[in-house]
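J.: Quick one: the structure is below, questions incoming.
Nothing in this text is a laboratory measurement; each read-out follows from the coordinates by a stated rule. From a predicted model like this one, the values you see are computed outputs, not experimental measurements. All Cβ positions, even for glycine, are placed from backbone atoms using ideal geometry, and neighbour counts span all protein chains on display.
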Amino acid sequence: MNWYAKTSVSLCLLAFFLNTAAQELPFKPFSARYDVLHNGDHVAVTTLSLVRQNEDTWLYASMSEAVGWIARMFGGKVTEQSLFSWNGDIRIISYRYDRNSSKKHVKLKFDWQNMEVTNDINGDPWQMTLSPGTLDKLSANLALVVRLSSGETSARLPVADGGKLKIYDFNIVGEELIDTPLGRVKTVKVSRNKHGRADRQAWLWLAPELNYMIIKVEKDGSNENRFTMIIQSLKQQ
C-alpha cells in the first residue's frame, strides 16, 4: 500500500471515530428516587428514570406520589413521560402528563415534518407552531445535561409548556458539596428561569461525576412556598 492509500485509509478511520464520538450518548439509563419536601415537611416521593426503548428511542419518566397525611387526605399521583429520539440531540416524539387527584391529562404530539405540536388537555386538542429544538418541560432537564456534558455553562431552551412556547434559561452559578444518602456529592448549582419570570425560578444541583445526575432541586412558589427534591437512591447502567 502506497503512502497516499495509507493516508486515505487513516483519514477515513479518523473520520469514522470522530463521527462515533460525536454521536456518543451524554446520558445513560438510570433510576433515581427522591424525597420531596414542602417547607421542610416530607410530602411526596419522586422517581426519575431513563430507559432505552430501542436503538434510537428513549423514555424519560417521572412519577411522584404523595405520602403521609397529604396522601391520606388528598391522595395524589402525578406521572410524566417524555418519548424522544437521539441522533446527536434530543428530538421529542411525544409527552404526557397525568394527575389523578384533579383528573388532569395532557398529551403533546410533536410533528417535526409539519413543524407543529398538537396539545390535548382532557380531550380538547389544538395545534401550536414548533420552533427548532423545542422540548417538553420534563425533557428540558435532560437537554440541560446534554449541554453541560459538552462543556457549556448556560443554555437557553425553547419549551412547549402550558400550551405556549416558553424559554427556559439555565445558568451555572457555582459549585457545592451536597450531603445525601449516597454520601457527599460534588455538584454544580444551576439557576433556571422560565420566560424571565422571577416567581418561576428554580435551582438544580447536578453531579458531573455521575453524568450530571440531578441531586437536588429547589423551587420557589407564591407565598414563600418552597419545594425541595433531594436524591435518596440511584441505579445507573
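J.: Got at least one residue in the range 164-175 being more than 28 Å from His105 (Cα to Cα), in a strand (DSSP E or B) and in contact (Cβ under 8 Å) with a residue 40 or more places away in the chain?
T.: Scanning the range 164-175 turns up no residue that is more than 28 Å from His105 (Cα to Cα), in a strand (DSSP E or B) and in contact (Cβ under 8 Å) with a residue 40 or more places away in the chain.
J.: Then there's this: Only one of Val106, Val117 is surrounded by 17 or more Cβ atoms within 10 Å (Cβ to Cβ), out of contact with any Ser or Thr (no Cβ under 6 Å at 6 or more places or on another chain) and without any contact (Cβ under 8 Å) to a residue 40 or more places away in the chain. Can you tell me which?
T.: After applying the criteria, what remains is Val106.
J.: When the residues of the range 23-49 are narrowed to those that are closer than 24 Å to Glu152 by Cα, not basic (Lys, Arg) and not in a strand (DSSP E or B), which ends up nearest to the chain's Cα centre (by Cα)?
T.: Phe27
J.: All but one of (1) surrounded by 18 or more Cβ atoms within 10 Å (Cβ to Cβ); (2) among the β-branched types (Val, Ile, Thr); (3) in a strand (DSSP E or B); (4) touching a Phe, Trp or Tyr at 6+ places or on another chain (Cβ under 7 Å) hold for Ile178, so report the exception by its number.
T.: (1)
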